[in-house]
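The values are calculated or read from the model by the stated rules, or taken from the named source; none is laboratory data. These numbers come from a predicted model, not from an experiment. Because the Cβ atoms are built from the backbone with ideal geometry, glycine has one as well, and the counts that use them run over all protein chains shown. Ligands, DNA and RNA are excluded from the accessible area calculation, which covers all protein heavy atoms including side chains. Shrake-Rupley method; radii C 1.70, N 1.55, O 1.52, S 1.80 Å.
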Amino acid sequence: MNFRQLLGVFLLVLCPFFSLSAQDEADIWYFGNNAGIDFSLGLPQVQTDGAYYNVEACVSMSDENGNLLFYSDGETLWNADHMPMLNGTGLMGDGSATQMIAIQQPCQEDMYYLFTQDAQGGPDGLRYHTIDMNLDGGLGGVVAPETNVLLYAPASEKLTAVQHANAVDTWLIAHEGGGTAGSDLFLVYLITQAGIEGPQTYNIGSLQFNGMGSMKVSHDGGKLVSTVGGTDPGIDLMDFDINTGELSNSQFITHTTLPWGTEFSPDDSKLYVTEANQRELWQYDMAAADIAASKTLIASGDSSLPPVFAGLQLAPNGRIYMARGNSNFLGVIADPNALGTACNFTEESLDLGTYGRWGLPNYNQSIFNPAPAFVSHDFTFTGNCLGEETLFSLTTTEQIDSLIWDFGEPASGTANASTELAPAHTYAATGDYNIRLITYYKCERDTVDQLISIGEEMTVDLGEDQSACEGTTITLDASVTEADASYAWQDGSTMPTLDVSTSGTYSVEVTTICGILTDEIIVNIEDVPTINFATTDTTICSGESWLIDANYANATYTWQDGSTDATFLAAEAGSYEVTIATDCGSNSIVFTLGVDEECETEEEEEEGENNCSFLLPTAFSPNNDGVNDQFTPVLCNTETNYLFRVYSRFGDLIFESTDPAISWDGTNKGTSCNVGIYPWYATFNNADGTPEKHAGQVTLLR
C-alpha cells in the first residue's frame with residue numbers, strides 16, 4: 001500500500017474540514033408577512049425582500065460567515081435569491097405549526113437536514129428533507145430521494161436541538177402528538193455522520209394534547225422546557241443529558257393560560273415564558289433553589305388588544321426577541337441574563353414595517369454558545385543531516401483527536417506517512433522536502449506545511465597556523481560545498497574567504513543545514529629580523545672570553561669570520577658583526593668587546609690577600625629542588641653603590657637589584673623564564689672606593 005492509499009484509508013474515518021457552529025448562522029431571519037431582520041452588523045437591520053408569508057413555523061439559515069443560504073415555512077424552501085430552491089416545493093410541513101428546524105449534518109459543510117411538522121398532531125407528522133448546497137450552482141437544492149421522509153407520526157408542533165457532548169453530533173428532540181388522549185412521549189434522535197439515529201423514547205412529564213406551544217433546550221444542553229396546554233396549563237422543566245440523550249427529573253410549573261414562547265438567556269441562568277392570550281412575559285431564575293418559586297412577571301399587556309405575546313428567540317446580538325402576532329413591532333429583552341425587571345423588556349422595540357406574526361426562526365441552541373478558541377498547530381524538528389533520523393515534535397497536543405504526517409518523500413513508500421504524535425523519518429537523499437501535518441479535532445481539520453532541508457555532514461578547515469612577511473596578504477578559506485551555507489568571521493565578515501595582513505587569531509562560524517561548524521587559525525606576520533644584544537661595548541679582563549648570543553627564531557647567521565652558529569665566543573678586543581637572515585629579509589648588528597689589561601681575572605682575585613672577589617656561577621636551575629635555585633653573586637660585603645642587572649638575549653631588562661642580598665630566581669614579572677643563556681651586568685665600588693664593573697652570561701637550566 002503506497003502513501004496515497006494509506007492516506008485515503010485514513011481519511012475515510014475522519015471528517016473533512018468543517019467549522020464549528022457559530023452565531024453567524026443565525027444572522028438573517030425571514031418570518032411573518034414578508035418580514036426580515038439582518039443581524040450581521042450587530043444592530044438589527046429590517047429586511048423587506050423575503051418571500052416568506054405565513055403564520056408561525058419558520059427556519060432561516062446562513063453560513064458560518066453570515067451569508068444567507070435558505071429559509072422555509074415548512075411548505076416551501078427558498079434559496080438566497082428568494083426563489084424556490086431546487087426540489088424545494090411540496091414539503092409536507094405546515095406553516096401554522098409552532099416549530100421547525102434546520103440542522104447542519106455533522107462534518108458536512110454543505111449538507112443540512114430540514115425538519116418539518118404537521119400542525120396540531122396531524123397525520124403528516126415529523127419529516128426530514130436533505131439539502132445539498134452544492135446543487136443548482138451553489139444555490140442549493142433538496143436531494144430528490146430524501147425529501148418528505150417520515151420520522152414519526154403523529155408528532156406535536158414542538159421541536160428543539162442541541163449539540164452532543166462530543167461537539168460533533170446533534171440531538172433532535174421532538175414530542176408525540178397526543179390527540180384527545182394525550183401523550184407524555186418524548187422522541188430523541190441523534191444526528192451523526194452516518195445519518196439520523198433513533199428515536200430514543202422517554203415517557204416523562206405532562207400529557208400533551210394538541211401539541212401547540214414550544215419546546216427549548218438550554219444552550220448548554222442541561223435543561224429542557226416544554227409548554228403544556230389543555231385544562232391544566234403550565235410548563236414541564238426537566239434535565240437533559242447531552243451525553244446519552246436521557247430526559248429525567250421532570251417538574252411541572254402551573255401557568256394561568258396556555259404558555260407559548262420559551263427561551264433561555266445566553267448564559268442559561270434565566271428562562272423566559274410567554275402566555276400568548278394573556279399577554280404576559282415570565283422569568284424563572286434557573287440558579288434558584290426553588291425554580292418554581294422564582295417565577296417573576298416581567299410584563300403584562302392588555303389582553304383585549306389583538307397583539308399577543310408569542311414566540312421567543314435569542315438573536316446573535318445576545319437579545320431575546322418576541323413575536324407579537326398581527327403587530328408591526330417585535331418586543332425585545334435587552335439584558336436577558338439580568339434578574340427580574342433589570343432584564344429591560346420593551347414591548348414595542350423593533351418596527352418591521354409589516355406583521356411579524358406568531359413565530360420566529362428556530363435554531364440549534366448550541367450555535368449561540370461562544371465558539372471554542374481554535375488552537376493552531378505547528379511543529380518543530382531536529383536532525384537535518386543525511387543518514388540520521390529527523391525527529392518531529394508538535395508545539396501543542398491540545399485539540400487533536402487524530403493526525404497524519406506526510407514527510408514529503410513519496411519514494412519511501414508507507415514510511416512517508418505516520419499517525420504518531422512524535423514521529424521520526426530517515427531521508428534517503430539530500431534536498432528540500434515539504435512536510436505536511438494534518439490534525440483533526442471534532443469536525444475541524446488544520447493543515448500545516450513546512451519546508452525542511454536535508455544536507456550532508458561537512459567540516460570547515462582553515463589549515464595549520466601560518467606565518468608570512470610584512471606586506472603579505474593571506475587568504476583564509478572556510479568554503480564548504482553547501483551553496484546555502486552562511487559564514488560569520490570574528491570581525492563580522494560574511495564571505496566564505498577572508499584576506500588578512502596582520503598578526504592575530506582568526507575564527508569563523510559556518511552555518512549549514514546539518515549544523516554550525518567552527519575553526520580558528522593563528523596568523524603571524526613577521527617584520528625584517530631585528531636583534532639587540534644584552535649589552536654593548538662590554539669590557540672583560542685579559543684572559544677572559546665573552547659568548548655573544550644572536551639567537552633568533554627560524555634564522556640563519558653569518559659572522560664576520562664566516563661562521564654560521566647562533567653564538568660567537570670572543571676573547572679579543574674588537575668589533576664583532578653578525579648578519580641574521582629569515583624568509584622576510586636580513587639585518588646586521590655589531591657588538592664591541594673591550595679588554596682591560598690591568599684588571600684581575602676571577603682566578604687572580606681568588607689569589608688575593610683576603611681571597612675576596614666578586615664571583616657568579618655560570619649556570620643555575622630554578623626548579624625549586626633546593627639546589628642552585630638562585631642566581632646569587634659572591635661578594636666581599638664591603639661593596640657600595642651596588643647595581644646588578646640581568647637581560648634577555650634581545651637586550652630586554654628582566655631583573656635588577658641594588659641589594660646584594662637579593663638574587664635572581666629565574667622569573668620575569670612573576671613568570672618563569674625559558675631555558676637559555678642570559679647576559680648579566682654588575683657595577684659597585686669596592687672597599688677602597690674604586691668603581692668596578694663586571695659582565696657575563698649565565699645559563700638557566702630546568
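Rounded, prolate or oblate: which fits the range 543-702 when a ≥ b ≥ c are the square roots of the eigenvalues of the alpha-carbon gyration tensor, with rounded for a/c under 1.5 and prolate only if a/b beats b/c? Walk me through the numbers before you get to the answer.
Values: a/c = 2.24, a/b = 1.37, b/c = 1.63.
Note, shape of the range 543-702 comes out oblate.
Our summary gives the chain a relative contact order of 8 percent, counting only alpha carbon pairs under 8 angstrom and 6 or more residues apart. For the range 183-233, a Kirkwood hydrodynamic radius built from all Cα pairs, placed in the Stokes-Einstein relation at 20 °C and 1.002 mPa s, yields a translational diffusion coefficient of 170 µm²/s. Three principal axis extents of the range 615-697 based on alpha-carbon atoms, in descending order, are 39, 29, 20 Å. Probing with 1.4 Å while keeping every protein chain in the model, the per residue accessible area of the range 631-702 equals 52 Å². In the chain, the DSSP-assigned H stretches of four residues or longer account for a calculated mean residue ellipticity at 222 nm of -500 deg cm²/dmol, using -39500 (n - 2.57) per stretch and the full residue count as denominator. Kirkwood analysis of the range 335-390, using all unique Cα-Cα pairs, places the hydrodynamic radius at 18.2 Å.
Shape of the range 156-275 from its Cα gyration tensor (a ≥ b ≥ c, root eigenvalues): rounded if a/c is under 1.5, otherwise prolate when a/b > b/c, or oblate? All intermediate terms of the calculation are to be shown ahead of the outcome.
Details: a/c = 2.13, a/b = 1.37, b/c = 1.55.
Oblate, since a/c reaches 1.5 and b/c is not below a/b.
Peptides 421-431, 555-565 ordered by packing proxy, namely the average of other Cβ atoms within 10 Å per residue, highest first: 421-431, 555-565.
Computed over the range 416-464, the range of Cα coordinates on each principal axis works out to 63, 16, 15 Å, biggest value leading.
First select every other residue whose beta carbon is under 11 angstrom from the beta carbon of Gln490; then total the charges, Lys and Arg +1, Asp and Glu -1. Could you put the intermediate results ahead of the total?
Details: positive: none; negative: Asp491, Glu509, Glu520.
Cβ neighbours under 11 Å give a net charge of -3.
Is the C-alpha gyration tensor of the range 14-139 telling us rounded, prolate or oblate? Criteria: a/c under 1.5 is rounded; beyond that, a/b larger than b/c is prolate, otherwise oblate. Oblate, since a/c reaches 1.5 and b/c is not below a/b. Couplings 3J(HN,Hα) for the range 455-468, derived from phi with the Karplus relation 6.51 cos²θ - 1.76 cosθ + 1.60 (θ = phi - 60°), are x, 8, 6, 10, 10, 10, 9, 8, x, 6, 4, 10, 10, 8 Hz, where x marks Gly and Pro.
The residue list Gln283, Asn134, Tyr363 was ranked by how far each Cα lies along the charge dipole of the chain toward its positive end, using unit charges on Cβ atoms, and Gln283 comes out on top. Candidates Val217, Leu653, Val273 compared by Cα position along the dipole of the chain: farthest toward the positive end lies Val273, with charges placed on Cβ.
The ratio of the alpha-carbon radius of gyration of the range 254-301 to the globular-protein estimate 2.2 N^0.38 Å is 1.09.
When all protein chains stay in place and ligands, DNA and RNA are ignored, the 1.4 Å accessible-area order of Val168, Val627, largest first, is Val627, Val168. Normalised by the number of residues in the range 75-203, the mean separation of alpha-carbon contacts (under 8 Å, six or more apart) gives a relative contact order of 19 percent.
In percent, what relative contact order does the range 279-361 have, based on Cα pairs under 8 Å that are 6 or more apart in sequence?
Across the range 279-361, relative contact order equals 24 percent.
From the Kirkwood radius over Cα pairs of the range 482-590, Stokes-Einstein at 20 °C and 1.002 mPa s returns a whole-number translational diffusion coefficient of 119 µm²/s. For the chain, the fraction of C-alpha pairs more than 35 angstrom apart is 64%.
By the Cα gyration tensor, the range 552-603 has an equivalent ellipsoid whose semi-axes, rounded to whole angstrom, run 28, 11, 9 from largest to smallest.
Could you work out the local net charge near Gly356, counting Lys and Arg as +1, Asp and Glu as -1, over the other residues with Cβ closer than 13 Å to its Cβ? Could the numbers behind the result be given before it?
Numbers: positive: Arg324, Arg357; negative: Glu56, Glu347, Glu348, Asp351.
Charge balance in the 13 Å sphere: -2.
Would you mind estimating how fast the range 379-516 diffuses translationally, via Stokes-Einstein at 10 °C and 1.306 mPa s with the Kirkwood radius over Cα pairs, in µm²/s?
Values: Rh = 18.0 Å.
Value of D from the Cα-based Kirkwood radius: 88 µm²/s.
Globularity index of the range 481-523 is 1.18 (Cα radius of gyration / 2.2 N^0.38 Å, N = number of residues). Treating each Cα of the range 147-190 as an identical point scatterer and summing with the Debye formula, the log10 of I(q)/I(0) at q = 0.20, 0.21, 0.34 Å⁻¹ comes to -0.69, -0.74, -1.17.
To the nearest ten degrees, helix 3-12 and the longest principal axis of the Cα atoms of the chain are 40 degrees apart.
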